[in-house]
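Okay, structure first, notes after.
The values are calculated or read from the model by the stated rules, or taken from the named source; none is laboratory data. What you see is a predicted model; the values in this text were computed from it and never measured. Counting neighbours? That spans all protein chains shown, and the Cβs are built from the backbone with ideal geometry, glycine included. Keep in mind that these areas ignore ligands, DNA and RNA; they rest on the heavy atoms of the full protein, side chains included. Shrake-Rupley method; radii C 1.70, N 1.55, O 1.52, S 1.80 Å.
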Amino acid sequence: MQVGGGDLQRLRQLNSLSSIRVLRAAPGPLTLTELATLTGLSRNSVIEVVGDLHELGWITDVEPAPGSLGRPAKRYRFRTDAGHVLGIDVGVHKVLAVITDLAGRTVSSGRVAVNARTTRDERLEAVWRAVEAALVASGLSTRDLWGVTVGSIGVVNREGVVTRVESLPDWAGVDLIGHLGQRLSCPITVENDSKLAALAEQRLGIASGVRDLVYLHAGRRPGAALILSGRLHHGFSGASGEVGLMEMTGWRTMAAHLEGSRAARGATPEDAAGLVFTAARAGDPEALEAVNAYAHQLALGTAAMVLTLDPELVVLGGGFSRSADVLLPALRRALEPHCLRVPEIRSSTLGEECVALGAACLALEHVDDHFFSTDGSISRPAAPQRLA
């Protein structure tokens with residue numbers, strides 16, 4: 001059978017995609033022989049592909065391992081420093097910007113404190129200050145950014161508009177894409193903060209490799225998100241996971257069980273939960289009762305998602321996850337009467353950077369779609385431009 005020039009070019013493109021994915025996923029540099037084995041390509045095909053990717057700037061040689069005898073084989077690695085993405089977490093009490101390389105490793109960050117009284121304009125200015133701090137710390141400029149994702153509190157629709165947020169009355173309707181687009185030319189995405197936290201846990205955290213999970217943001221402002229078949233689930237309008245909006249779950253008021261406990265007497269609302277969890281850990285009966293009441297209401301919304309999705313894992317995140325040793329057993333007990341199978345529940349390991357890291361992960365997904373889609377051809381590394 002005769003193979004046309006277009007077919008050969010397409011085959012070479014697919015070989016390049018296969019090789020670059022293997023190199024990106026490899027824990028270390030690979031020799032030609034190792035790359036051929038992992039891709040299933042012939043050695044001659046691998047030599048052609050490596051030459052192409054090296055010329056384009058996607059891979060680089062690695063110095064031979066020290067102590068090698070004879071003539072060591074050349075090794076190659078994916079250039080994770082070829083580009084960078086930016087993840088931003090816009091919350092009630094902080095704005096956090098994190099710059100990562102193409103492997104999702106944090107290069108630098110910038111943080112600006114805000115609060116519930118910070119106005120919309122002040123919060124938007126805090127976003128720029130956090131971004132500029134991260135850029136200065138990394139030695140990069142806005143031209144070096146290949147993609148940006150912003151995680152915002154509130155309900156975010158598929159167009160990236162914050163449509164509803166109860167904790168910040170002036171934040172609904174904010175145009176984050178337009179604001180950032182004044183200075184950034186790369187693609188910009190806006191997503192709900194809980195969804196991005198779930199993505200971070202699935203890509204970088206305690207749920208690494210899990211394909212179906214429910215993420216719970218347990219805190220004074222609770223939320224939830226879903227990962228299905230390894231992908232972040234947005235829903236038709238972007239409002240998936242908002243079970244807390246149903247009054248019957250009690251999610252919007254359940255923090256009052258902790259804040260009204262005797263163990264939290266005299267404390268600010270922000271500090272109350274920590275005091276109650278500490279008292280419960282020490283065996284205080286009233287504090288344990290408050291934790292159980294909180295867990296009971298958290299379980300109502302959680303059970304609705306668990307029964308619908310039958311996930312492999314539930315991840316407990318948010319500020320209250322720092323007291324998972326107290327809260328997790330209570331949540332398990334509260335779920336048992338409602339679920340056919342109570343999934344494993346684990347506590348988040350990513351801390352307060354979770355949303356910003358998830359934002360960077362989503363930005364990297366868009367970079368992959370731009371450069372490494374099977375519908376296109378691999379080009380030289382360069383920052384993608386935002387569509388007007």
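Here are a few things to note about the model shown:
- Residue match in the range 66-80 (condition: among the small types (Gly, Ala, Ser), on the phi < 0 side of the Ramachandran plot, open to solvent by 40 Å² or more (accessible area, probe 1.4 Å) and modelled with pLDDT under 90): yes
- Filtered by the rule that a residue be surrounded by 15 or more Cβ atoms within 10 Å (Cβ to Cβ) and either out of contact with any helix residue (DSSP H, G or I) (no Cβ under 9 Å at 6 or more places or on another chain) or under 12 Å from residue 309 (Cα atoms) (or both), the range 226-241 gives 226, 227, 233, 241.
Conditions (1) over 23 Å from the mean Cα position of the chain (by Cα); (2) surrounded by fewer than 22 Cβ atoms within 10 Å (Cβ to Cβ), marked per residue:
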| position | (1), (2) |
| --- | --- |
| 274 | yes, yes |
| 284 | yes, yes |
| 291 | yes, no |
| 300 | yes, yes |
| 304 | yes, yes |
| 314 | no, no |
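- Count - residues of the range 267-284 that are of a type outside the set (A, V, I, L, M, F, W, C), at pLDDT 95 or above and in a helix (DSSP H, G or I): 2
- Those residues of the range 359-386 which are open to solvent by 40 Å² or more (accessible area, probe 1.4 Å) and touching a His at 6+ places or on another chain (Cβ under 8 Å), in sequence order: none
- Check on residue 60, modelled with pLDDT under 95, hydroxyl-bearing (Ser, Thr, Tyr) and assigned to a strand (DSSP E or B): yes
- The residues of the range 307-336 that are aliphatic (A, V, I, L, M), under 15 Å from residue 243 (Cβ atoms) and out of contact with any helix residue (DSSP H, G or I) (no Cβ under 7 Å at 6 or more places or on another chain), listed by number, are 307, 309.
- Scanning the range 319-358 for residues being surrounded by fewer than 23 Cβ atoms within 10 Å (Cβ to Cβ) and not in a helix (DSSP H, G or I) gives a total of 14.
- Residue in the range 100-117 that is of a type in the set (A, V, I, L, M), free of Cβ contacts under 8 Å to residues at least 24 places away in the same chain, buried (at least 18 other Cβ atoms within 10 Å of the Cβ) and outside any loop (DSSP other than H, G, I, E, B) present: yes
- Subset of the range 359-378 that is of a type in the set (Asp, Glu) and assigned to a helix (DSSP H, G or I) - its residue that is nearest to residue 131 (Cα to Cα): 365
- Residues within the range 123-138 that are open to solvent by 20 Å² or more (accessible area, probe 1.4 Å), out of contact with any helix residue (DSSP H, G or I) (no Cβ under 9 Å at 6 or more places or on another chain) and among the small types (Gly, Ala, Ser), tallied: 2
- Test for residue 33: is it more than 21 Å from the chain's Cα centre (by Cα), farther than 30 Å from residue 268 by Cβ and not in a strand (DSSP E or B): yes
Here is a yes/no grid of residues against (1) farther than 21 Å from residue 222 by Cα; (2) in a loop (DSSP other than H, G, I, E, B); (3) out of contact with any strand residue (DSSP E or B) (no Cβ under 7 Å at 6 or more places or on another chain); (4) open to solvent by 30 Å² or more (accessible area, probe 1.4 Å):
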residue: 140; (1), (2), (3), (4): yes, yes, no, yes
residue: 143; (1), (2), (3), (4): yes, no, yes, yes
residue: 149; (1), (2), (3), (4): yes, no, no, no
residue: 159; (1), (2), (3), (4): yes, yes, yes, yes
residue: 163; (1), (2), (3), (4): no, no, no, yes
residue: 167; (1), (2), (3), (4): no, yes, yes, yes
residue: 172; (1), (2), (3), (4): no, yes, no, yes
residue: 183; (1), (2), (3), (4): yes, yes, yes, yes
